[in-house]
1. Which of the following residues is free of Cβ contacts under 8 Å to residues at least 12 places away in the same chain and out of contact with any Gly (no Cβ under 8 Å at 6 or more places or on another chain): 4, 100, 53?
2. Taking segment 181-238 on its own, how many of its residues are surrounded by 13 or more Cβ atoms within 10 Å (Cβ to Cβ) and charged (D, E, K, R)?
3. Going through segment 285-305 one residue at a time, which ones are surrounded by fewer than 20 Cβ atoms within 10 Å (Cβ to Cβ) and closer than 28 Å to residue 106 by Cβ?
4. Kindly list, by first and then second residue, each pair from a residue in segment 333-345 that is farther than 16 Å from residue 115 by Cα to a residue that is of a type in the set (Phe, Trp, Tyr) and assigned to a helix (DSSP H, G or I), limited to pairs with Cβ atoms under 9 Å and residues at least 6 apart or on different chains.
5. Report whether or not residue 41 is touching a residue at least 60 places away in the same chain (Cβ under 8 Å) and out of contact with any His (no Cβ under 9 Å at 6 or more places or on another chain).
6. If you take just the helices (runs of 4 or more DSSP H) that sit entirely in segment 337-456, which of them hold at least 2 residues that are closer than 30 Å to residue 120 by Cβ and either touching a helix residue (DSSP H, G or I) at 6+ places or on another chain (Cβ under 8 Å) or not assigned by TED's automatic domain parsing to the domain that holds residue 112 (or both)?
7. Of all residues in segment 1-47, which are buried (at least 18 other Cβ atoms within 10 Å of the Cβ), in a helix (DSSP H, G or I) and among the polar types (S, T, N, Q)?
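The values are calculated or read from the model by the stated rules, or taken from the named source; none is laboratory data. What you see is a predicted model; the values in this text were computed from it and never measured. Reconstructed Cβ throughout: ideal geometry from the backbone, glycine too, with neighbour counts over all protein chains shown.
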Amino acid sequence: MIKKKYIYNYFILFLSLHLIVWTIVPSITNLNLPLDTIEALAWGSNLEWGFNKHPPLSAFAAQIFYQIFGNQDWAYYFLSQLFVITAFWFVWTLSKKIFKDQFYSLLSVFLLEGIYFYNFTTPEFNVNICQLPFWAMTCYYFWQSLEEDKIKNWILLGVFAGFGFLSKYLFIYLLISMAILTIYYAITKKNFSRKYFISTIFFIILITPHLIWLKDNNYITVTYALNRTGLDSSDLLSHLFLPIIFLGKQIGIITPFLFMVYLLIKKFKTKIKLGDKKLLFLLSITILPIILITATSLLAGIKIRTMWMTPFYLFFGTLFLYLFKSQINLKKIKKFYIMFCLLFFLSPVVYSYVSVTNKYKRTDYPGNEIAYLVQKKWDKNFTNQISIIVGDEWYGGNLSYHLNSRPKWFNRIKNLDKINLEGGVIYTGNPTILKKVCPGVYGTIKPIGICMIGVR
C-alpha cells in the first residue's frame with residue numbers, strides 16, 4: 001500500500017507520465033494527424049458557432065492551439081492529453097469528496113487505465129475527447145451544488161454544462177440524468193434549491209449563439225447526427241438487436257476494468273441503500289446516462305456508436321470502489337498495481353506497433369508533402385497567396401492545416417461569382433469531376449484533384 005504522504009505525489013506523477021507518453025508516442029509514430037483532429041482544425045480555420053457535423057467547441061480549442069503553435073503535430077496530441085488529464089484531475093477531486101480519503105481517490109483514477117477510451121484512443125483530439133473535462137467538471141460542481149448550495153457552484157455548474165453541450169450533443173444524457181436526480185430530491189425530500197435556475201440561465205446563455213446558428217443552418221448538425229444513427233433505415237429488429245449489440249460492445253470495453261476491480265475485491269458483496277446520498281449521486285452520473293442512451297436505442301431502433309460512450313465511464317472507478325469499499329483486499333493490492341502498470345505501459349507499445357506496421361491508415365497520409373507540392377504549383381502560376389480551400393474536411397482540411405498561409409476552409413461555396421479571386425482559392429475533390437468544371441489551373445497531386453484560381 002502506498003504511504004499516505006506520497007499518494008498525491010504518485011497522482012501527479014501519473015498525470016505527468018500520461019501527458020508525456022501519449023504526446024510523444026503518436027508524435028513519433030504518425031506521419032499525419034488523425035481525421036477528427038484535422039476536421040477540428042479545418043473548422044477552426046473558419047470559426048462559426050457550429051459546423052456541418054458538430055457544435056463548435058472542439059474547433060475553438062484547436063484554433064487557439066494553432067494560434068500558439070501553428071502546424072506542429074505534437075501540439076494537438078498535447079492538447080488532447082491536456083483535456084484527458086484535466087478530466088482525471090476532477091475525477092480525483094470529486095472522489096476525494098466522496099471517500100474523504102486520497103488512497104481511494106487514487107484508485108478511482110488508476111482504474112480508468114482499464115478502459116481504452118482513456119489511453120489508446122486519446123491521441124485523436126475530437127468532440128469525444130473535448131467532452132471529457134467538462135463532463136468531469138459538471139459532475140464535480142453538481143455535487144458541490146447539492147452539498148453546499150452556493151451561488152458560485154451553481155454558476156460553474158451551468159457554465160461547464162454549457163461547454164459540454166457545445167462539445168457534443170450527447171452531453172445531454174448527463175444533464176437529463178442530473179435533472180432526474182434533482183426532481184427526485186425535490187419530490188421525496190422536499191429539497192429543491194432555486195439556485196438550480198441560475199445554472200439553467202448560464203447554460204442557456206452559453207448555448208444560445210449555437211442554437212441561433214443551428215436554426216439559421218437548417219439544423220444541419222442534428223440531421224448529421226440522426227443519419228449517423230441509421231434512423232432512416234431502422235426496422236422492427238433494430239429495436240431489439242441494436243441495443244443488445246451496443247451493450248455487448250460496452251461489456252467488452254470495460255472488461256479490463258472489471259478484471260482490475262476483481263483484483264481489488266475479496267467478495268463482490270455490498271449493501272445497496274437507495275437512501276444513500278453519495279450512492280444515488282454516483283448512480284445518476286454513471287449508470288443512469290447509460291440506461292437512458294440504451295433506452296434511446298431500444299425505443300428508436302438506432303445504432304449507438306462505441307466511441308460516443310467516451311465520457312460515460314469517467315466515474316466508474318469511483319462507483320465500484322464506493323460499492324465494494326469494505327471488501328477491498330489490501331493483500332491483493334500488489335497484483336492490482338502490476339496490472340495497472342502493465343496496461344499503462346502496454347497501451348502505448350501496442351499503439352506504436354499498430355501505427356508503424358499498418359500502412360493503410362489516415363495517419364500515414366503525406367499531408368505535408370502534398371501541401372508542399374500544391375504551394376510549389378501555386379507559386380509557379382500566381383503571385384498572390386492562398387486564402388481559401390474548398391473541399392471535404394480531410395483533403396481540404398489537411399491543405400488548410402499544412403499550408404503556411406493558413407487558408408480558411410470551406411466544404412462548399414454557394415455563390416462562386418462573389419468570391420474575391422484576388423484572395424486565392426483552391427478547390428479539392430474528385431479529379432474526374434473537378435477537371436470538367438474547373439475554371440482555373442487544374443492538376444492532380446496524389447489522390448486528389450486540384451483547381452487553382454488566383455492572380456497571375
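1. The conditions single out 100.
2. 2
3. Answer for segment 285-305, where residues must be surrounded by fewer than 20 Cβ atoms within 10 Å (Cβ to Cβ) and closer than 28 Å to residue 106 by Cβ: 287, 288, 290.
4. none
5. When the stated conditions are applied, residue 41 passes them.
6. 367-381, 395-402
7. Of everything in segment 1-47, those that are buried (at least 18 other Cβ atoms within 10 Å of the Cβ), in a helix (DSSP H, G or I) and among the polar types (S, T, N, Q) turn out to be 23, 37.
Residue-wise test of (1) over 16 Å from the mean Cα position of the chain (by Cα); (2) farther than 26 Å from residue 138 by Cβ; (3) at pLDDT 95 or above; (4) not assigned by TED's automatic domain parsing to the domain that holds residue 166.
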residue	(1), (2), (3), (4)
30	yes, yes, yes, no
43	no, no, yes, no
47	yes, no, no, no
53	no, no, no, no
58	no, no, yes, no
72	yes, yes, yes, no
75	yes, yes, yes, no
81	no, no, yes, no
88	no, no, yes, no
